1. Does Ser63 fit the bill of being hydroxyl-bearing (Ser, Thr, Tyr) and in a loop (DSSP other than H, G, I, E, B)?
2. Of all residues in region 14-46 being part of a strand (DSSP E or B), touching a Cys at 6+ places or on another chain (Cβ under 9 Å) and not polar (S, T, N, Q), which is farthest from Thr3 (Cα to Cα)?
Amino acid sequence: MRTCSICQKGTSIGRNRSHAQNRTPRTFKANIQKVTLTVGGDKISGNFCTKCLKRIKKDVKDSAVVTA
């Protein structure tokens, strides 16, 4: 459910460790955002992780600088 549409990053499982070295299960949840982006006049909507959002925005910015 909480997965990125581009890189398929999602929830992973790990453990908490206390000072007494007790182990308890925990989950690491990816920072997933539901976003609608406008790229070159096309609207793209989906669930993206913040790393992919940052990369998409950088690619759009760089392509605008090159063509202008």
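Only the coordinates and a few stated rules stand behind these numbers; no lab work does. These numbers come from a predicted model, not from an experiment. Positions of Cβ are backbone-derived with ideal geometry, glycine not excepted, and every protein chain shown enters the neighbour counts.
1. no
2. Selected residue: Gly46.
Listed here are the residues, each with its yes/no results for (1) of a type in the set (Ser, Thr, Tyr); (2) exposed (fewer than 10 other Cβ atoms within 10 Å of the Cβ); (3) without any contact (Cβ under 8 Å) to a residue 12 or more places away in the chain.
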position: Gln8; (1), (2), (3): no, yes, yes
position: Arg15; (1), (2), (3): no, yes, yes
position: Ser18; (1), (2), (3): yes, yes, yes
position: Thr24; (1), (2), (3): yes, yes, yes
position: Ile32; (1), (2), (3): no, no, no
position: Cys49; (1), (2), (3): no, no, no
position: Lys58; (1), (2), (3): no, no, yes
